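> The structure that follows is given in the form of structure tokens.
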Amino acid sequence: MSVPERNSGSEGKEEESEDESEILEESPCGRWQKRKEQISQGNVPGVESASLAMDTEEGVEVVWNEVLFNDRKVFKAQEEKIKEMFENLMQVEHPNIVKFHKYWLDMKESRARVIFITEYMSSGSLKQFLKKTKKNHKTMNVKAWKRWCTQILSALSYLHSCEPPIIHGNLTCDTIFIQHNGLIKIGSVFPEASVHGKVRPNRDEQRNLHFFSPEYGLAEDDYAIDIFSFGICALEMAVLEIQANGDAVVSKEAITNAGQSLEDPLMREFTQSCVRHEAKQRPTAHDLLFHRVLFEVHSLKLLAAHCLISNQYLLPENCVEEKTKSFDPNGLMAEIKHGNRPGVQLKYSHVSPLELDKFLEDVKNGIYPLMNFASSRPHPVPRALSLSHEQVETAKSPTPEPQETESRKVIQMHCNLESNEEGTKTHLSLFLKMDDKLHRQLSCDILPTDSSKDLANELVHYAFISEEDCGKLAGFLEDALTRHKGKALASGITQ
């Protein structure tokens, strides 16, 4: 009798799974498909529903968020402000911030919707991780605590230095997510708090009240409310949980006791500076990155890795792997000499290619940021083109997505040049690896009379990339074509 029962249960789960994966709605462009399954990625004020969705181009799961306006007149009065707010969010690009992919408006006769797509964090929240750690009777590793604090502060420093500044306004351990590789991302930069001065109080969940500063929602808020919330998060990361002692709300006394329980005086000073009652006395995120408990002189290895990642578009895709294969394992890579004692020799065999690849991948993903040395200069937030009033459809079908400036970046460039036997023309294949994984591949035939500069400019026109990358691509192509013509000339002389 037990076998049929298990089969029945299995069939029930399969039916339930199929029911949840049912496609309810598609985006106007057809790329994103909304599913029936509801999800929670932290309490996001202003968002009525969040559903799992599929990105049909990338084959990954994303979150379909909806903001509803039952009164269309109210929406029309705020439409331009809403567009500007979401356009600003579209420009947010940081490895430690949940990616905001796209938004569009859906206008009906009696109501309006704003739908926006965000990255799906399947690994769970920081709150869940801390609970599991405490349940297993383990303590927080100090190195991990420092690394997490640095990642969260690098994201806050980025948001606060935007122009106009972006205030998160909802930073709790429920809205911070941790991936399996240790990468931290903050999410839920919710619409009401996306632009400086637009914060609304949201204290629905009693258990998270202690994350909000005393002045939250009472006056025009600034970066200090995020710093207070970060201080509570940092404290919870250190002690795993701030005990409420049976109360519905974590008291000030419980927060003070948790801070005093920290053995490291620098960690105590660090967290206490964040949760000061007076907002003006709290440090900035940029200042906190220089605090003695976090600040360190980065190793040459980390600086070199960041340099390599920044210029990755100039290098072949498997350059590290290919380069390490050509080295003699017993070859001397570096030597440290001492006057009064034996020196230290470092050989290539001391470096594991797999460990090096993993380290570079971690640096690329944002696990080891160099925010300690970042300038406090504001990051401009470009304003993309918004829909005009005439372009907004009032019919039953969803409105088209607004146009936008190209903000995606090229992370690698590859080209292949092959001349025919007669040498009358050369076939060029160009591959552009993009940061959003929607790669470009272009090809064309080149005649001996074609100018490399004109050809580069023409290909740039069809590549649909940012202005910054256009200049890089033009230089890359011109250099590649010049070298190819030089090789062909040398070959002709030899023959």
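The values are calculated or read from the model by the stated rules, or taken from the named source; none is laboratory data. Quick caveat, the model's predicted, so the values are computed rather than measured. Neighbour counts run over all protein chains shown; Cβ positions are idealised from the backbone, glycine included. Calculation scope for accessible area: heavy atoms of the full protein, side chains included, ligands and nucleic acids excluded. Shrake-Rupley method; radii C 1.70, N 1.55, O 1.52, S 1.80 Å.
> Looking at (1) modelled with pLDDT under 85; (2) among the aliphatic types (A, V, I, L, M); (3) under 19 Å from LEU262 (Cα atoms), which is the one condition that is false for VAL199?
Status for VAL199: all satisfied but (3).
> For the stretch 258-269, give me each residue that is in contact (Cβ under 8 Å) with a residue 12 or more places away in the chain and surrounded by 14 or more Cβ atoms within 10 Å (Cβ to Cβ).
Selection gives ALA258, GLY259, LEU262, MET267, GLU269.
> Follow-up. Is there any pair with a first residue in the stretch 401-427 that is within 30 Å of MET107 (Cα to Cα) and a second that is in a loop (DSSP other than H, G, I, E, B) and modelled with pLDDT of 80 or more whose Cβ atoms are under 8 Å apart and which are 6 or more apart or on different chains, and what are they?
Filtered contacts from the stretch 401-427: GLU401/SER27; GLU401/PRO28; GLU401/CYS29; SER407/GLN91; SER407/GLU93.
> Restricted to the stretch 106-136, and to residues that are of a type in the set (Gly, Ala, Ser) and outside any strand (DSSP E or B), which residue is surrounded by the most Cβ atoms within 10 Å (Cβ to Cβ)?
Result: GLY124.
> Collect the residues in the stretch 221-236 that are open to solvent by 10 Å² or more (accessible area, probe 1.4 Å) and either among the hydrophobic types (A, V, I, L, M, F, W, C) or without any contact (Cβ under 8 Å) to a residue 12 or more places away in the chain (or both), keeping them in residue-number order.
PHE228
> State yes or no: is ARG35 touching a helix residue (DSSP H, G or I) at 6+ places or on another chain (Cβ under 7 Å), modelled with pLDDT of 80 or more and not aliphatic (A, V, I, L, M)?
yes
> Among the residues of the stretch 137-159, which ones are open to solvent by 30 Å² or more (accessible area, probe 1.4 Å) and in a helix (DSSP H, G or I)?
VAL142, LYS143, LYS146, ARG147, TYR158
> Then there's this: If I filter the stretch 270-328 down to residues being of a type in the set (S, T, N, Q) and open to solvent by less than 70 Å² (accessible area, probe 1.4 Å), which single residue comes out as nearest to ILE166 (Cα to Cα)?
THR284
> Open to solvent by less than 50 Å² (accessible area, probe 1.4 Å), modelled with pLDDT under 75 and touching a strand residue (DSSP E or B) at 6+ places or on another chain (Cβ under 7 Å): does that describe LEU430?
Considered against the rule, which asks whether it is open to solvent by less than 50 Å² (accessible area, probe 1.4 Å), modelled with pLDDT under 75 and touching a strand residue (DSSP E or B) at 6+ places or on another chain (Cβ under 7 Å), LEU430 comes out as no.
> Something else: Any residue in the stretch 337-356 that is surrounded by 11 or more Cβ atoms within 10 Å (Cβ to Cβ) sitting within a Cβ distance under 8 Å of a residue that is among the acidic types (Asp, Glu)? List the pairs, counting only those 6 or more apart or interchain.
GLN345/GLU335; LEU346/GLU335; TYR348/ASP328; PRO353/GLU321
> Additional query: Within the stretch 49-90, work out how many residues are aliphatic (A, V, I, L, M), open to solvent by 10 Å² or more (accessible area, probe 1.4 Å) and under 16 Å from SER21 (Cα atoms).
Total meeting the criteria: 3.
> What are the residue pairs meeting all of these: first residue in the stretch 157-177, first residue within 26 Å of LEU240 (Cα to Cα), second residue assigned to a strand (DSSP E or B), Cβ atoms under 6 Å, and 6 or more apart or on different chains?
ASP174/SER125; ILE176/ILE186; PHE177/SER125; PHE177/LYS185
> Related question: Taking only pairs six or more apart or across chains, which ones have beta-carbon atoms under 7 Å, a first residue in the stretch 109-138 that is within 30 Å of LYS73 (Cα to Cα), and a second residue that is small (Gly, Ala, Ser) and open to solvent by less than 20 Å² (accessible area, probe 1.4 Å)?
Close Cβ pairs satisfying both conditions: ILE117/ALA53.
> Between a residue in the stretch 470-482 that is closer than 17 Å to GLN441 by Cβ and open to solvent by less than 40 Å² (accessible area, probe 1.4 Å) and any residue that is modelled with pLDDT of 80 or more and aliphatic (A, V, I, L, M), which pairs come within a Cβ distance under 6 Å, given they are 6 or more apart or on different chains?
PHE476/MET413
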